[in-house]
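Participant: Okay, handing you the structure first.
The values are calculated or read from the model by the stated rules, or taken from the named source; none is laboratory data. Just so it is clear, the structure is predicted and the values come from calculations on it, not from any experiment. Here the Cβ positions follow ideal geometry from the backbone for every residue, glycine too, while neighbour counts run over all protein chains shown. SASA here: full protein model, heavy atoms, side chains in, ligands and nucleic acids out. Shrake-Rupley method; radii C 1.70, N 1.55, O 1.52, S 1.80 Å.
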Amino acid sequence: MSYQFNEFHWANDIKAGQYLQPATLAEALDMLASFGGKARVIAGGTDLVPSLRQRHLEVEALVDVSRLPGMDGIARQGEVVSLGGGVTHAQAASSPVVAEAAGLLAAGAGSVGSPQIRNVGTLAGNLIAGQPAADTSLPLLALDAWVTIASPQGQREEPLNGFFLGKGRTKLDPGREIMTGIHFKALGQGRGGSYQRLAKRKAMTLPMLVAAVVAGVDPGRKVFTGAAIALGPVAPTPLRAAQAEALLAGAPVSAESVAAAVEKASEESSPRDSCLRGSCDYRREMVKVFVRRGLADALAQAGCPLD
Amino acid sequence: MDKTDAKDQVQVLTKTKIDLSRLACAAPAANAVVGQSLQRTDDLLKVTGKLKYQADLPKEDCLHGKILRSPYPHALIKSIKTDKAKSLPGVAAVLTAADVPGRNGFGAIIPDQPVICADKVRFVGDGVALVAAETEKIALEALKLIEVEYEVLPAVFDPRDSLAEGAPKVHAQGNLISHDKLRKGDVEKGFAEAEVILERTYQVPFLEHAYLEPDVVLAALQPDGVMLVQGPMQAPFTTRRNVAPVLGLPINKVRCVQIHMGGGFGGKEDSPIDLGCRAAVLAWHTKRPVYMSLEREEVTLQTCKRHPMIMQVKIGASKDGKLTAFEGVIYDEQGAYASLGPRLPPAGGSHVHAMVMMAGPYEMSHVKVDAYLVYTNHPYGGAMRGFGAPQVHIAHEQAMDELAALLGISPLEIRRINAFKLGSATATGQVLDQSVGLRETLEACEKSFGFSKRFKQAGYINPKSSKRRGVGVGMGWYRTSIGTFGDGCGANVHVHEDGSVLLFTGITEMGQGAFTVLPQICAEELGVCLEDVRLVKPDTDQVPESGPTVGSRSTTLMGNAIILAARQVKESILEKASEMLMVPVSRLRASQRKIFDCENPERSLEFKAVATACMATGKRLIGQGWWAPPMATLDKETGQGNPYHVYTYSTHMAEVEVDVETGEVAVTDYVAAFDVGKAINPKALEGQIEGGVAMGLGYALMEEVAIVQGYTKNLGLNNYLIPTIMDVPNVKSVILEMTNNLGPYGAKGIGEMPNIPATPAILNAIAHACGGRVRSLPADPEKVFWAIREAGGPPPR
């Protein structure tokens, strides 16, 4: 084992060739295309710039999408809430629309870094960075969100479930495509959500564990109509605890159902032993605590609290 | 901020006046400057961004210096090839060990650290070659072109392993730097008298100071052959003392200029020696000014840390809670180089400080402590806000609570029974004959916090919550001064004919307020206002030797030197005023720019007019003061003696909420009481207290340099966590003033004390809240979680 001292950020300037500021989405896509995959989109830059300095990434150009028109809106049409690709964590955390439709997302966005980072960092960037415990990826994953991606071939939509391919890799080609929108259904009647975060201090730090939970219930019959449990970092990508979710679908709303799901979610999790963020054993225990709390919280919000 | 505004936060509760000596002012009540919460002299510059730190100063014409570092914790250097690096355009010098002009070694106490390693590296980050180039980038490129061939050696990372037979030798003379002993009474007898005996081991990790300003230095050879070394430094005289022999120069041909520091906390006592020597060697070879700055990761790699310690405690008490004996063993890990660790006679050195204080501020007849200071292949230990004391407080304060629990008495009770009072003898046999306010701080804290009541109320915060509330107490004591033979302080005071004053001291400003408190003392003594005194920034060419700005010594030792210097001038002023007013000197007082007749205050003169008259008639307006504390003593074999001349005392009380399902801890309420002798500037003192508590909280809950096989895993502040404002509770300060006969206006040191009892107070509160006790720091959520498991799970509802 030895250090590669030249990997420290200070050893390197950012090698970005050109810094481009397109006026329209079409121009941005053309710019990206002209570099044949060797350019990168930049918005807040809070993930990208450290990667560039550490030379984890080398690019020929940066295409700044932060001033593209129509990228910073938050709107609700019927059941669907849409966030533009340029929406910052600060915007999401303070938006009344988001707070009403999905409090767990507002809480996640409000937990990112510091006020300065939240003011520039974007939700789209958080998704594209593809980190396993991103504070907004997990609530969006639990909300069954889908994203709009603009590419030279046109627009397409991708569900977030299945979007994350590996650590730092997603279904979006970051050298050719731009995320223009993020959409999810408002929780509304009979559904509730919760965001649970564990960290060594109360701000400015990556989480040891995040659990984002959405529960749907039929309050009359007191059964789960569905549940979504998103966890990180317990796997190389943000994880949906599918087996635990399957146990809950159609199950009665009871402490027993929750307990079974909690155990299953813990089994599905495989966090690494980390000298900075906790052992595997501990974090598996915490998955149990947080899934239980998340479900209880979500059920209460859905109008069908556990006894 | 005036005193009334401060009242809800700062209370002055007690004033005990013991026989006022020459140094304690005759009429404290009349002080116009001392004791006032005057605005700090650098506040405005700092908050408006106008204050220049070294990195803000121009760097034109400077070469940039960089260090090639060892990638191995322990290895032999077989060969170094520098040709390629030297031929890179823009490179001015590539230096190896043979290029050091004088002694190839530096160190605050023992020069065991090579300026450039010759044959061997001892920790990851050790300096193997130095480069100076026209730009920082070229210097970094040049580093990559230096070819070093290493032979990796087995390394040692635990002080106990390091002492084992056959362990890899970090230095040729062996790994044990020092074994010091304290022997008081007969511990066997003491334990035989005990009805309850507790044995525990407590462990603390390396800590990084995390000062805001990374280290930076400028070295420039002057036309007259003098080497100028400039930058943030807590100990310009120690830096000078090292740079001179490294260059082969006499001390008077090195000039160290201290620039305002962005935090030091003890770390910038020796990091400027390291950086200063290296920059000076580059400047010597290139004949150009050399600028060196460290990035944050380099600060963590290269500079000293708070010493990790493994502390074994055995403590005995009778059934009624009276302590009968204490036995301790300290494995103090020094790391790769001696830095400030070793014993500096009679009572200097981290393990000696730790040894002397290990039994805590409690009366006991029988004490035995063995302290081992040991080399390993880790980064090296140095001073950090309390130098040996925070570590042992974590041991004795937790042991006191664990013992109290065994005895079935409260944490306050066991401390009330055993705490030092006037006349107590310490573990070194020192009789505390003045200014002992420890018990008073406990009672003041209790009055404000209501510990006894809250101790009984602990439990789940509501029937549905997983959070339990608990309270903890931490008591502490800390020396003023450093316990070495050479602990003197010099000051010069110059009064000018218009009544304005220049004050020359070598005490440095790092945010602690010295540049406000020292002029306050000078102004008070002369009878002028704070704004009349301009402090000359530390510059070894201009100010008298003052020793380092460490050991909570500045206000007290330098304050005394300033008083003595000011009095020499005041003598002239009063004599002249006596002539002018036709009033005997004994009836004259000086205050707020006036000299007046005590018996007829209407008869007065402007200070300025008297100064003008002195100048016109050739009367001396220059004073020089020198003060050293009473000679420290500590027997080498028994550890008995008077190591430090006076102590500050403190009690802290904390309330925490522990989530028993996750191990998360929140500190929710805090009161800290101090016997400081005299608060020279109460508001500035309060700032020291709040910052200190935050630092102690970090030690308790999150701070740790995580080193795996010699490699630090958290070099940046994204992973080395210190508390944010969200983590720190409102801190209520209570200030008591038990006059110190040997202090300026009765003052004692306060710089380090506030962080010391904070850590164990919080740890004790955690144990009280959840039943689990973390004995190996930090008490992060995972460790608290497993401690609760070990204690049998969350307490029943």
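Participant: To make sure I understand the rule: partners must be aspartates and glutamates, Cα under 14 Å from the Cα of A:K200, and not fewer than 8 residues away in the same chain. Which ones qualify?
Facilitator: Output for A:K200: B:D659, B:E664, B:E703, B:E704, B:D727, B:D780, B:E782.
Participant: In whole angstrom, note down how far apart the Cα centers of region A:209-257 and region B:456-477 are.
Facilitator: 34
Participant: What's the buried accessible area, both sides, between A and B using a 1.4 Å probe, rounded to 100 Å²? Before the final figure, lay out the partial values.
Facilitator: On the way: alone 14360 and 28270 Å², together 39430 Å².
Using a 1.4 Å probe on protein heavy atoms, the buried area is about 3200 Å².
Participant: Under a point spin-label approximation (7 Å from Cα along Cα-to-Cβ), what is the B:F485-A:A246 distance to one decimal in nm?
Facilitator: 8.0
Participant: With the Cα gyration tensor of region B:72-128 giving a ≥ b ≥ c as the square roots of its eigenvalues, does the rule (a/c under 1.5 for rounded; else a/b larger than b/c for prolate; else oblate) give rounded, prolate or oblate? Mind showing how you got there, number by number?
Facilitator: Working: a/c = 2.38, a/b = 1.49, b/c = 1.60.
It comes out oblate by the Cα gyration axes.
Participant: What does a probe at B:E443 reach in region B:404-432, counting residues whose amide N is under 20 Å from the point 7 Å along Cα→Cβ?
Facilitator: Only B:410-425, B:432 pass the distance filter.
Participant: Still on this structure: How large a share of the accessible area of region B:246-306, in percent, is made up of carbon and sulfur atoms when the probe is 1.4 Å and the other protein chains stay in place? Before the final figure, lay out each step's value.
Facilitator: Working: 750 of 1360 Å².
Carbon plus sulfur share of accessible area: 55 percent.
Participant: Taking a ≥ b ≥ c as the square roots of the Cα gyration tensor eigenvalues, with a/c under 1.5 meaning rounded and otherwise prolate when a/b beats b/c, else oblate, which class fits region A:212-307?
Facilitator: Values: a/c = 2.47, a/b = 2.22, b/c = 1.11.
Prolate.
Participant: Moving to a separate point now. May I ask you to list the residues of region A:120-135 whose amide nitrogen lies under 13 Å from a point 7 Å from Cα along the Cα→beta-carbon direction of A:K167?
Facilitator: A:130-133
Participant: Still on this structure, I have one more. Which pairs break 20 Å Cα to Cα here: B:K636/B:K748; A:K222/B:K464; B:K314/B:K447; B:K52/B:K305; B:K368/B:K636? Could you put the intermediate results ahead of the total?
Facilitator: Working: B:K636/B:K748 27 Å; A:K222/B:K464 22 Å; B:K314/B:K447 32 Å; B:K52/B:K305 27 Å; B:K368/B:K636 14 Å.
Pairs exceeding 20 Å: B:K636/B:K748; A:K222/B:K464; B:K314/B:K447; B:K52/B:K305.
Participant: Here's something else I'd like to know. Could you report the accessible area of B:I482 in Å², rounded to 10, computed with a 1.4 Å probe on the protein chains as they sit in the structure?
Facilitator: B:I482 exposes around 30 Å² with every protein chain in place.
Participant: I've got another one for you. Quick one: which of B:K86/B:K287; B:K713/B:K783; A:K167/B:K713; B:K467/B:K713; B:K570/B:K683 span more than 22 angstrom between C-alpha atoms?
Facilitator: From B:K86/B:K287; B:K713/B:K783; A:K167/B:K713; B:K467/B:K713; B:K570/B:K683, over 22 Å: B:K467/B:K713; B:K570/B:K683.
Participant: Next up: Of all the C-alpha pairs in chain B, what % are more than 35 Å from each other?
Facilitator: Numbers: 153440 of 317206 pairs.
Taking all Cα-Cα pairs of chain B, the fraction more than 35 Å apart is 48 percent.
Participant: Moving to a separate point now. Can you list the residues in region B:764-797 whose accessible area drops by at least 20 Å² when all protein chains are present, compared with the chain alone? Use a 1.4 Å probe, heavy atoms only.
Facilitator: B:D780, B:P781, B:E782, B:F785, B:W786, B:R789
Participant: With heavy atoms of protein chains only and a 1.4 Å probe, what residues of region A:195-225 have at least 50 Å² less accessible area in the full set of chains than alone?
Facilitator: Listed in order, they are A:K200, A:R201, A:K202.
Participant: While we're here: What percent do you get for the relative contact order of region A:178-269 when only Cα pairs under 8 Å and 6+ apart count? Write down the numbers at each step before the final one.
Facilitator: Values: 144 pairs, mean separation 17.2, N = 92.
Computed over region A:178-269, the figure is 19 percent.
Participant: Using just the alpha carbons, could you tell me how many Å³ per residue the convex hull of region B:311-451 encloses? Before the final figure, lay out each step's value.
Facilitator: Numbers: hull volume 17.3 nm³, N = 141.
Residue-normalised Cα hull volume stands at 123 Å³.
Participant: What is the calculated FRET efficiency for A:S270 to B:K713, with r their C-beta to C-beta distance and R₀ = 25 Å, to the nearest 0.05? Provide the component values of the computation, followed by the final result.
Facilitator: Values: r = 21 Å, r/R0 = 0.84.
Step by step, r from the Cβ atoms, then E = 0.75.
Participant: Using the beta-carbon distance between B:H496 and A:D13 and R0 = 51 Å, what value does 1/(1 + (r/R0)^6) give for FRET efficiency, to the nearest 0.05?
Facilitator: Details: r = 51 Å, r/R0 = 1.01.
For R0 = 51 Å, the calculated efficiency reads 0.50.
Participant: Does a label point 7 Å from the Cα of B:K52, set along Cα-to-beta-carbon, have any residues of region B:263-292 with amide nitrogen under 17 Å, and which are they?
Facilitator: Under cut-off, by backbone N: B:289-292.
Participant: Rounded to whole Å and sorted largest first, list the principal axis extents of the Cα atoms in region B:220-340.
Facilitator: Per principal axis, max minus min of the Cα coordinates gives 74, 32, 27 Å.
Participant: To continue, here is another question. Give me log10 I(q)/I(0) at q = 0.06, 0.09 Å⁻¹ for the protein assembly as shown, Debye formula, one equal scatterer per alpha-carbon, no solvent.
Facilitator: The computed values of log10 I(q)/I(0) come out as -0.54, -1.15.
Participant: Related question: Hey, with R₀ at 41 Å, roughly what FRET efficiency would B:N252 and A:E58 work out to, going by the Cβ-Cβ distance, to 0.05? Show your work: numbers first, answer last.
Facilitator: Details: r = 53 Å, r/R0 = 1.29.
Between B:N252 and A:E58 the formula returns 0.20.
Participant: Ok, one more. Using a 1.4 angstrom probe, figure out how much accessible area region B:34-124 has per residue, in square angstrom, rounded to the nearest whole.
Facilitator: Details: 4110 Å² over 91 residues.
Per-residue accessible area for region B:34-124 comes out at 45 Å².
Participant: Here's another thing I want to ask about it. Expected output is a single nm value to one decimal: the length gained when fully extending between B:D158 and B:E575, i.e. 0.36 nm times separation in residues minus the C-alpha distance. What is it? Walk me through the numbers on the way to the answer.
Facilitator: Details: separation 417, 0.36 × 417 = 150.12 nm, distance 6.50 nm.
Once the chain is fully extended between B:D158 and B:E575, it gains 143.6 nm.
Participant: Taking only Cα atoms and a 10 Å spring cutoff, compute GNM fluctuations for chain A and point out the largest among A:G193, A:G154, A:G70.
Facilitator: Looking only at A:G193, A:G154, A:G70, the biggest GNM fluctuation is shown by A:G154.
Participant: With both bridge residues required to lie in region B:445-578, what share of the DSSP beta bridges run antiparallel, to the nearest 5%?
Facilitator: Working: 7 of 11 bridges.
Bridges in region B:445-578 are about 65 percent antiparallel.
Participant: Right, another one. Per residue, what volume in Å³ does the Cα convex hull of region B:718-789 take up? If you can, show how the numbers build up before the last one.
Facilitator: On the way: hull volume 11.4 nm³, N = 72.
Here the figure is 158 Å³ per residue.
Participant: Separate question: Taking the alpha-carbon distance from B:K576 and a cut-off under 26 Å, which lysines remain once sequence neighbours fewer than 8 residues away in the same chain are dropped?
Facilitator: Hits, sequence-local ones excluded: B:K594, B:K608, B:K619.
Participant: Counting only C-alpha contacts under 8 Å and six or more residues apart, can you give the relative contact order of chain B as a whole percent?
Facilitator: Details: 2164 pairs, mean separation 135.6, N = 797.
Across chain B, relative contact order equals 17 percent.
Participant: How many nm separate the modelled label positions at B:T135 and B:K636, each set 7 Å beyond the Cα in the direction of the Cβ?
Facilitator: 5.7
Participant: Subtracting the Cα-Cα distance from 0.36 nm times the residue separation, let me have the gained length for B:K453 to B:Q39 in nm, one decimal.
Facilitator: Working: separation 414, 0.36 × 414 = 149.04 nm, distance 3.82 nm.
Going from the current span to full extension adds 145.2 nm.
Participant: For region B:66-111 and region A:76-130, what is the centre-to-centre distance using only Cα atoms, to the nearest Å?
Facilitator: 51
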